[in-house]
Amino acid sequence: MKKYLDYLWPVLGVAAVIGSLYLLSREFKGESVASEVWAALAAIPPHRYFLAALGTLLAYAALAWYDRIALLHLGVTHISWWFISLCSFTTYALSHNIGASVFSGAMVRYRAYSTKGLSAAQVAVLVVLCSYTFGFGNVLLGGLLLTYDPELMQRLSGFLPDVLTHPHTARAVGLACLAAVSLYVVGSLMHFKPFKIGAFEVLYPRPEVMRQQLFAAPLELIGAAGIIYFALPETGNPGYVVVLGAFIFSFAAALVSHAPGGLGVFELLFIKLTPDMPRTQVLAALLVWRLFYLIVPLIFAIVVVLIFERGRLSDAIKSARKQDAEI
């Protein structure tokens with residue numbers, strides 16, 4: 001079964017990309033997209049680009065905190081913040097672009113953390129807890145947003161069934177998310193046993209780990225959404241709360257789709273969730289997000305991986321020569 005799933009997810013990802021790009025082409029049919037998008041990019045003031053870059057730094061700093069929290073859960077304290085940050089940055093820069101982040105992230109992390117003495121089992125726990133932290137942030141912020149502004153989902157009216165976009169449904173989902181967060185917090189404080197639903201298992205970490213998750217989990221989403229918010233024009237800007245809500249929903253859907261980098265899926269949903277703004281301006285802001293959050297980090301990550309692997313290869317050659325000399 002697993003063998004078939006290994007082929008199924010890439011196929012679904014490609015299908016999601018093709019379908020989303022087709023729908024996007026219909027959205028922009030008859031518009032001179034390229035020239036208008038370039039004009040929108042040129043109209044973004046330099047200080048807004050700078051603020052978007054700060055949002056990127058905040059997002060990747062929060063992701064490094066995810067790894068630090070997982071290592072705290074494992075009782076590992078001898079690894080420096082510098083190494084953790086570099087490993088986390090490389091992991092997420094690659095996995096965000098490749099897709100299937102759990103699997104690609106596990107491989108990169110194992111290559112890095114095994115040099116610091118972590119076993120494969122410890123790296124597996126680290127990957128799972130980082131995924132928990134990310135999911136925790138989505139549920140927490142999603143619950144707060146839907147409870148505070150349940151009409152947010154009405155922006156998808158006509159794209160999703162009315163029962164899903166109704167404010168009462170949205171608020172109910174928001175309250176359910178906050179209830180789940182509360183259960184997670186209480187479970188950690190009271191040292192509950194793991195909660196199981198079939199093969200799925202929710203672990204309750206120690207209170208000191210959970211407390212850090214409460215702050216770290218939302219920061220990555222807040223920073224990443226900030227990139228788009230600052231790239232949008234000030235005139236007609238729907239506000240940060242709307243941008244954050246649109247980002248959380250679109251980014252989560254893009255991850256579920258397994259599309260590499262969420263290409264097409266993310267753009268389509270975000271444009272649907274911000275119907276009051278000119279679509280070319282929204283598309284320009286999303287291109288800035290892709291540049292700052294995905295493409296530039298990917299370039300740096302590839303350089304880091306090449307340097308790291310070159311060092312490992314050099315060490316292996318030196319070790320082999322030393323053994324030959326001893327013989």
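The values are calculated or read from the model by the stated rules, or taken from the named source; none is laboratory data. Small disclaimer: the values here were computed from a predicted structure and weren't measured. In this analysis, Cβ positions are derived from the backbone assuming ideal geometry, glycine residues included, and neighbour counts consider all displayed protein chains.
Checking G142, G137, G239 one by one, the residue that is more than 27 Å from L74 (Cα to Cα), within 23 Å of the chain's Cα centre (by Cα) and in contact (Cβ under 8 Å) with a residue 24 or more places away in the chain is G142 and no other. Within the stretch 152-172, take every residue that is of a type in the set (A, V, I, L, M) and farther than 16 Å from A246 by Cα and give me the one that is modelled with the lowest pLDDT. Looking at residues that are of a type in the set (A, V, I, L, M) and farther than 16 Å from A246 by Cα, I get V163.
Table: residues versus (1) aromatic (F, W, Y); (2) touching a Phe, Trp or Tyr at 6+ places or on another chain (Cβ under 7 Å); (3) outside any helix (DSSP H, G or I).
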position	(1), (2), (3)
S182	no, no, no
P205	no, no, yes
I227	no, yes, no
F230	yes, no, no
V243	no, yes, no
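Filter the stretch 74-108 down to the residues that are part of a loop (DSSP other than H, G, I, E, B) and closer than 21 Å to L263 by Cβ, then identify the one that is modelled with the highest pLDDT. Of everything passing the filter in the stretch 74-108, G99 is modelled with the highest pLDDT. When L57 is tested against (1) assigned to a helix (DSSP H, G or I); (2) crowded, with 16+ Cβ neighbours inside 10 Å, exactly one condition is not met: (2).
Can you find, within the stretch 139-150, the residue that is surrounded by the fewest Cβ atoms within 10 Å (Cβ to Cβ) among those that are part of a helix (DSSP H, G or I) and out of contact with any helix residue (DSSP H, G or I) (no Cβ under 6 Å at 6 or more places or on another chain)?
Just the residues of the stretch 139-150 that are part of a helix (DSSP H, G or I), to begin with: 139-148, 150.
Subsequent filtering for residues that are out of contact with any helix residue (DSSP H, G or I) (no Cβ under 6 Å at 6 or more places or on another chain) retains 144, 148.
Details: L144: 18, Y148: 12.
Here the residue is Y148.
In the set (1) out of contact with any Ser or Thr (no Cβ under 9 Å at 6 or more places or on another chain); (2) at pLDDT 90 or above, V128 fails one condition alone, (2).
In the stretch 182-197, the residues that are farther than 18 Å from V128 by Cβ form no Cβ pair under 7 Å with any partner that is modelled with pLDDT under 90 and assigned to a helix (DSSP H, G or I), whether six or more places apart or across chains.
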